[in-house]
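Novice: The structure follows.
The values are calculated or read from the model by the stated rules, or taken from the named source; none is laboratory data. Since the structure is predicted, the reported quantities are computational estimates derived from the model, not experimental observations. So basically every Cβ, Gly included, is an ideal-geometry build from the backbone, and we count neighbours across all protein chains shown. Areas reflect the complete protein model, heavy atoms only, side chains present, ligands, DNA and RNA absent. Shrake-Rupley method; radii C 1.70, N 1.55, O 1.52, S 1.80 Å.
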Amino acid sequence: MSDATRAVEAIWRIESARIVGALARYTGDFALSEDAAQEALAEALISWPENGQPANPVGWLMTTAKRRAIDTIRRAGVQREKYEAIAHDQDEAYADDLDVERIDDDVLALMFVSCHPVLSKEARVALTLRVVGGLSSEEIARAFLVPVPTIQARITRAKKTIAAAKVPFEVPSPDERRQRLAGVLNVLYLIFTEGSTATSGEDLIRTDLAREARRLTRVLIGVLPDEPEAYGLLALMELTASRFPARTDAAGDPVLLEDQDRTRWDQGAVRRGLAALEQATPRGLGPYGLQAAIAATHAVADSVETTDWERIIVLYEALGRIAPNPIVDLNRAVAVAMAHGPLRALEIVDKIAEDKRLDHTHLLPTVRGELLRRLGRSVEARKELERAAGMCTNDRERAVLQQKIANLT
């Protein structure tokens, strides 16, 4: 890859949301704007290596994308007024087109459109990574281990759905924004979760995907600096990511929390996470903030033995009240096992199993099998761990379960 090509990709990753957002404001057409911006990117990948990087690379991309949008509108025979509106001052400098306040509005509007509730979860994730994150279809497909045509189809369908629903390109009103912000945060959380706990394939952690989720969350905080739950989400991401260096061994196999070398935890990420958590705390912690507080309790402990498990139990209880979820209850059971032993935890796990919501995942039999092992009930433990291994889709995690089964006497 040439230096010019690397420069194009770096600038695009940073500035694509602003470019697409500005185009969408000019044209009022989200799909047209994204397509025109992609055409400008393709042209830059050809032109810059041959002719050199322009003096104002972002302005070059913006002007080229505008021209492509105008060409498309002209070919489609759309009303003259729209053409004249976006043709006007098309060659102005980028800085003149996009003052700081408008940039924030454009990026924020782009996030809310990409995460609009008319779209499926998969479409929201793919579209956000594409138009806000600036990732190519190939990069998104590689991150989620799906074929490129699948990602391309999701993005195409998403743009058609937005057009059919006549979703306006605008920042939602304050009331609507509060209602829809949870959906935006959820998309960013889903991206990070897939990166930090890969559900399939051979890799346990996909650091590039997790890093992109953190970057996008910082972008959101940049345009919405007074939203505490956005800080809570960033804190959760940073504190979780701080453990990445110690979560796998040299072969890429998972290392359990109690066996991790805590000197390898990224202290810079811990500090960033704790600082973000402080920003989230004054007005009360939401679901992401509470999860971040749990991660912070782990981060400040020297070992599993010195971890404040009672505090973690209380935080999980609070999380369960505001965001009821069987995964939360299962994690609380693990904390109870650490603080009070496996028998009390097993009672909680057996109650969780009654509502069947975790029947599709290996997590419940994994925890139950481990608790039974600690209680010396090896036959039952083997049955649960074998069921967990059969359901697990991550190759390395499955190997750990199989090793636990082999170690049972």
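Novice: Once you order the gyration tensor axes a ≥ b ≥ c over the Cα atoms, which shape class does the stretch 139-244 get: rounded for a/c under 1.5, otherwise prolate or oblate by comparing a/b with b/c?
Specialist: The shape class here is oblate.
Novice: Further question on the same structure: Give me the accessible area per residue for the chain, probe 1.4 Å, as a whole number in Å².
Specialist: Each residue of the chain exposes 48 Å² on average to a 1.4 Å probe.
Novice: Determine the sum of side-chain charges near Arg382: Lys and Arg each +1, Asp and Glu each -1, restricted to other residues whose C-beta is under 15 angstrom from that of Arg382.
Specialist: Around Arg382, the surrounding residues sum to +3.
Novice: May I ask you to give the percent of accessible area on the stretch 285-409 that is carbon plus sulfur, with a probe radius of 1.4 Å?
Specialist: Carbon and sulfur: 51 percent of the exposed surface of the stretch 285-409.
Novice: In the chain, if every C-alpha pair distance is counted and binned at 10 Å from zero, what percent goes to each bin?
Specialist: 5, 19, 28, 23, 14, 8, 3, 0
Novice: Separate question: Let's test the formula: R0 of 51 Å, r as the Cβ-Cβ distance of Gln403 and Arg74. What FRET efficiency results, to the nearest 0.05?
Specialist: 0.20
Novice: Just reorder Ser136, Ser33 by solvent-accessible area, largest first, 1.4 Å probe, all chains present.
Specialist: The residues order as Ser136, Ser33, largest area first.
Novice: Can I ask one more? Solvent-accessible area of Glu194, probe 1.4 Å, all protein chains present, reported in Å² to the nearest ten, please.
Specialist: 30 Å²
Novice: Another one. What is the gain in length, in nm to one decimal, between Leu256 and Ser378 on full extension, counting 0.36 nm per residue of separation less the C-alpha to C-alpha distance?
Specialist: 41.9 nm
Novice: Determine the share of the stretch 195-269's accessible area contributed by carbon and sulfur atoms, expressed in whole percent, with a 1.4 angstrom probe.
Specialist: 49 percent
Novice: Additional query: Could you tell me the extents of the stretch 298-409's C-alpha atoms along the three principal axes, largest first, rounded to whole Å?
Specialist: Computed over the stretch 298-409, the largest-to-smallest principal extents equal 35, 32, 26 Å.
Novice: Moving on to the next point. Between Ile46 and Ala164, what's the calculated FRET efficiency when r is the beta-carbon distance and R0 is 30 Å? Round to 0.05.
Specialist: After rounding to 0.05, the efficiency reads 0.35.
Novice: Next question. In µm²/s, what is D for the stretch 1-52 at 37 °C and 0.692 mPa s, where D = kT/(6 pi eta Rh) by Stokes-Einstein and Rh is the Kirkwood radius from Cα pairs?
Specialist: Translational D for this selection: 288 µm²/s.
Novice: Across bins of 10 angstrom width beginning at 0, how are the C-alpha pair distances of the stretch 310-375 distributed, in whole percent?
Specialist: 23, 55, 21, 0
Novice: Rounded to the nearest 0.05, what FRET efficiency is calculated for Thr306 and Thr193 with R0 set to 30 Å and r the Cβ-Cβ distance?
Specialist: Efficiency at R0 = 30 Å is approximately 0.60.
Novice: Another one. So between Gln53 and Asp208, what do we pick up on full extension, going 0.36 nm a residue minus the alpha carbon distance?
Specialist: Full-extension gain reported as 53.2 nm.
Novice: Quick one: with all protein chains in place, what share of the accessible area of the stretch 121-164 is carbon or sulfur, to the nearest percent (1.4 Å probe)?
Specialist: 56 percent
Novice: Nearest 500 deg cm²/dmol is fine: what mean residue ellipticity at 222 nm does the chain get from its DSSP H runs of n ≥ 4 alone, each adding -39,500 (n - 2.57), divided by its residue count?
Specialist: Result for the chain: -23000 deg cm²/dmol, rounded to the nearest 500.
Novice: Give, in whole angstrom and from largest to smallest, the semi-axes √(5λ) of the equivalent ellipsoid of the stretch 210-335, with λ running over the eigenvalues of the Cα gyration tensor.
Specialist: In descending order, the three semi-axes are 23, 19, 13 Å.
Novice: Say we join alpha carbon atoms closer than 10 Å with springs in a Gaussian network model of the chain; which of Ser114, Ser303, Ser196 then has the biggest fluctuation?
Specialist: Ser303
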